[in-house]
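*Asks:* What follows is a single structure, and I will ask about it in a moment.
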Amino acid sequence: MSVPNTVSAAISPPAVEDWHARSVEKTLADLGLGRTGLTEAEAAHRLAAGGPNRLPPPARRSPARVFAAQFQDFMILVLLVAATVAGLLGDGADAAAILSIVFLNAAVGFVQEYRAERALEALRSIDAPLALVERDGHRRSINAEGVVRGDRVALEAGARVPADLRLLEAAALRIDESALTGESVPVEKTTAPLPADRGPSDRTNMAYRGTLVVHGRGVGAVTATGSATALGRIASLLSTTQGVSTPLQKRLAVFGRRLAAGALAVCAGVFAAGIFRGEPPLLMFLTAVSLAVAAIPEALPAVVTLALAVGAQKMVRAKALVRRLPAIETLGSVTVIATDKTGTLTQNKMRAEAYYWDGAPRTELSLEGAGGQLARAMALCNDARPERGGRPVGDPTEVALLDAAVTAGVDPAREAARAGERPFDAARKRMTTFHSDGNGGTVGYTKGAPESVLERCGRLWGDTGPVPFPRESLARAAEAMAQGGQRVMAFARRDWSRSPTDPAETVERDLLFLGFVGLVDPPRPSAAHAVAAAAAAGVRTVMITGDHPLTAGAIARRLGFPEGDAVTGAQLAAWTPAERAARFSRTSVFARVSPEQKLDIVTALQAAGQVVAVTGDGVNDAPALQRADIGIAMGRSGTDAAKEAAALLLLDDDFSTIVRAIREGRRIFDNIRLFVKYVVTTNGAEILTLLLAPFLGLPLPLWPIQLLWLNLLTDGLPGLALVTESADADVMTRPPRPPAEPLVTRGLAVHISWVSVLMAGMTLAAEAYFIHSGTPEWRTAVFCVMCFSQMGHVLALRSERESFFSRRGLANRLLLAAVGLTVGMQILAVYWGPLQRVLKTTPLSPGVLSVALAASAVVFFAVELEKRVRAWKAQK
């Protein structure tokens, strides 16, 4: 039925996307499309009504708003207050240092957000710039943005599909949809209507925008353009998918709020205690404010940034490029890796892996006997062609077949040239080529799906010649190969006195069966070890792919995934919410899933409390990559959309690189927590010292300016040096940190508490001793005790298990240098005139300095003793 193409009203899209279920005739009728395409007038009308065929530009915030958003974090606000207070106290250097840190972090965050918003533009970059349309009965090339719903579009090998199409004609048409669906091999296209419940990956009579035609030709009617296409829906998902804060950002926000609230409360207590004892109100006010500034670890953002930057440099050497620094630490918290299959766990390169001829399975192809006939059929019944001095080019399946034949010893250049052919047809699922047999006759080789070739065979070619045809056993052999995840191709031959001119249905009968070839997209050599290493570290790997469930399941078994059937997208859609909650925790392979379902899986895992890393390389992976706690894209084979949506790029496309990155992420978090352990302990000791002194009848131990000096000196270089610590030996044999675990755990809090009390106790004891002994420079001596105690602490706490005097204890030369420099600066503060006047210090005699050093050493040896006790308990 032909419908006139003068319909003036724009055709509304169907409520349900069922174009694949409609016949060609109904599709033409519903689109108001004739056999000769639209008229130019009708196309212009539809373009005005439906808009250009392009993805909507991403909604962007102004640069000023993006920059302002960097100052909304509570810790940043506290630091701004601290800088203001320091400035009011006349400490311009401290205020400048704090403000520099704040604005540096804001600049980094601004750049990261700006780059992240380029993900949508990357999606647009894969659009076809031109399209071949039929209008007014003529075929012409137009800008793809001018394609409208109802246009007839011609497809040829090498072209990108400009819009979503219902195929009207398909001649040996195969389309690479891997970037959109994850399907590892090109899809053979048909025109017949399909059941309505077919998922997008199985709609073989549809062609989708942005996919690539690799073979054959076809004609399709446009069913959707712009944002209504499958690619457009992914763009919509990407624009509405919000990234999530990293675990470290969440922990630091909670830590900062609690620390600030606690510090302000204690400082108020110090002020009240001083007034009660009779100290001057102005002095106590300045002391309380100085203590508040000292209690807030303003170096923490700088330490975190440095730790992440150092980690990023190390990861580049390990073939991982970090696009967003906070993502590095997130790797250390990952509990689930949701990975694509094609190109991530596998090599995205088809390879002939198994063979079957003369009634027996084989693992290698041989030119002996019937194997030689199979090898020649693989090379000759093949549209792939070798490049000069390079590998064959063409359809991945045919390239793999030609590679295997050449490796076995077949030289296509020495074989007879093609004298005729019956091209592949999706309805027949076969192709046949004809060649001279060298004796005046012709031999025809047929290749196709096992069921389509077997039904055309009458005998089997064995090593001794033609033999009876065991149809049932051959069908079982093909099924067994398919169950193993292989794509099975069948080959047959027939001899002719001359090249036949009959149609394919006549030529392709009474064939001699030659054998089967099983092809796979093989796993990466390191993938199985990486999956096992991740499991040992307590990280679960989940495969999410658009590929066939048999293929996905076979790859999963090879890689050591837990036993279990692959769950398809159709099954997933039928699950109730209760079933999802119960099954997500034990399902390791999802196949034939849509981009929307992949995003749903990631979101559901996060809702269950998991920290999810998502890996992928296709356009279909981009929304899930952006939604994940950390998105990881393939640096070599990944699409621009995937790379822009990801926080980490694998420069070698190797899944095992993720495991190395997880190790680095854990090391970085351990070192950040090490800094927190150090700085909260020292700040706590300072607060306790000033809080308890009045209750013990002691005068103010330190001047306000001395508190600020300690804060700047001891929190700075030593703290920064801690981020360079190497990883503990058990870093990849312990489970991930629980997502809800706070930055300061119970064990960490115990250490902070008792060391703070010890450090404050030793400082107050030294104060009482020096005052009682009549030492006039007692406040300077107390000043040194507090400083040197903190240096002893930072040297001892580097490892929770190994002694400072072990080989590792002396390995961090940067920390040793930082401690040496800090001690040197403190000595200058005591003995150099300009600093004496600023810090209100007086020179110490050798005897007083020795006592101060001895008192300080107590903290170092106490922490070393704690390690011995912990090791003793572990042995018991």
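The values are calculated or read from the model by the stated rules, or taken from the named source; none is laboratory data. What you see is a predicted model; the values in this text were computed from it and never measured. Neighbour counts are summed over all protein chains in view; Cβ atoms, including those assigned to glycine, are modelled from backbone coordinates with ideal geometry. We work out accessible area using only protein heavy atoms, side chains counted, and drop any ligands, DNA or RNA first. Shrake-Rupley method; radii C 1.70, N 1.55, O 1.52, S 1.80 Å.
*Asks:* For residues that are farther than 30 Å from Asp340 by Cα and in a loop (DSSP other than H, G, I, E, B), tally how many sit in segment 495-526.
*Replies:* 10
*Asks:* How many residues are at positive phi and either open to solvent by 10 Å² or more (accessible area, probe 1.4 Å) or β-branched (Val, Ile, Thr) (or both) if we restrict to segment 216-234?
*Replies:* 1
*Asks:* Kindly check whether there is at least one residue in segment 416-436 that is open to solvent by less than 70 Å² (accessible area, probe 1.4 Å), without any contact (Cβ under 8 Å) to a residue 24 or more places away in the chain and either in contact with a helix residue (DSSP H, G or I) (Cβ under 8 Å, 6 or more places away or on another chain) or closer than 30 Å to Gly218 by Cα (or both).
*Replies:* no
*Asks:* Out of everything in segment 25-42 that is among the acidic types (Asp, Glu) and surrounded by 16 or more Cβ atoms within 10 Å (Cβ to Cβ), what residue ends up being nearest to Arg140 (Cα to Cα)? Walk me through how you get there before you give the answer.
*Replies:* From segment 25-42, those among the acidic types (Asp, Glu) are 25, 30, 40, 42; that's our starting set.
Now narrow it down to the ones that are surrounded by 16 or more Cβ atoms within 10 Å (Cβ to Cβ): 30, 42.
Values: Asp30: 24, Glu42: 16 Å.
Of everything passing the filter in segment 25-42, Glu42 is nearest to Arg140 (Cα to Cα).
*Asks:* Also: Among the residues of segment 732-746, is there at least one that is part of a helix (DSSP H, G or I) and either modelled with pLDDT under 85 or open to solvent by less than 30 Å² (accessible area, probe 1.4 Å) (or both)?
*Replies:* There is at least one residue in segment 732-746 that is part of a helix (DSSP H, G or I) and either modelled with pLDDT under 85 or open to solvent by less than 30 Å² (accessible area, probe 1.4 Å) (or both).
*Asks:* Based on what the data block shows, is Gly150 farther than 26 Å from Gly618 by Cβ, of a type outside the set (A, V, I, L, M, F, W, C), assigned to a loop (DSSP other than H, G, I, E, B) and modelled with pLDDT of 85 or more?
*Replies:* yes
*Asks:* What residue, of Pro13, Pro52, Pro63, Pro4, is modelled with pLDDT under 75, under 17 Å from Ala228 (Cβ atoms), open to solvent by 40 Å² or more (accessible area, probe 1.4 Å) and not hydrophobic (A, V, I, L, M, F, W, C)?
*Replies:* The unique qualifying residue is Pro13.
*Asks:* Could you please let me know if Pro57 is surrounded by fewer than 20 Cβ atoms within 10 Å (Cβ to Cβ), modelled with pLDDT of 65 or more and within 42 Å of the chain's Cα centre (by Cα)? Give the derivation first.
*Replies:* Working: surrounded by fewer than 20 Cβ atoms within 10 Å (Cβ to Cβ): yes; modelled with pLDDT of 65 or more: no; within 42 Å of the chain's Cα centre (by Cα): yes.
No: the conditions fail for Pro57.
*Asks:* Something else now. Within segment 538-546, can one find any residue that is part of a helix (DSSP H, G or I) and modelled with pLDDT under 85?
*Replies:* no
*Asks:* Of the residues Ala400, Ala375, Ala384, which is open to solvent by less than 10 Å² (accessible area, probe 1.4 Å) and in contact (Cβ under 8 Å) with a residue 60 or more places away in the chain? Explain how you work it out, then say what you get.
*Replies:* Values: Ala375 fails: in contact (Cβ under 8 Å) with a residue 60 or more places away in the chain; Ala384 fails: in contact (Cβ under 8 Å) with a residue 60 or more places away in the chain.
None of the other options fit; the residue is Ala400.
*Asks:* Given the options Gly564, Gly618, name the one that is in contact with a Ser or Thr (Cβ under 8 Å, 6 or more places away or on another chain), surrounded by fewer than 21 Cβ atoms within 10 Å (Cβ to Cβ), modelled with pLDDT under 85 and not acidic (Asp, Glu).
*Replies:* Values: Gly618 fails: surrounded by fewer than 21 Cβ atoms within 10 Å (Cβ to Cβ).
Only one candidate qualifies: Gly564.
*Asks:* Can you pull out the helices (runs of 4 or more DSSP H) entirely within segment 760-858 that have at least 3 residues that are under 49 Å from the mean Cα position of the chain (by Cα) and surrounded by 15 or more Cβ atoms within 10 Å (Cβ to Cβ)?
*Replies:* It comes to 778-796, 813-831.
*Asks:* Taking the options Ala535, Ala504, Ala492, Ala528, name whichever one is of a type outside the set (D, E, K, R) and open to solvent by less than 10 Å² (accessible area, probe 1.4 Å).
*Replies:* Residue meeting the stated conditions: Ala492.
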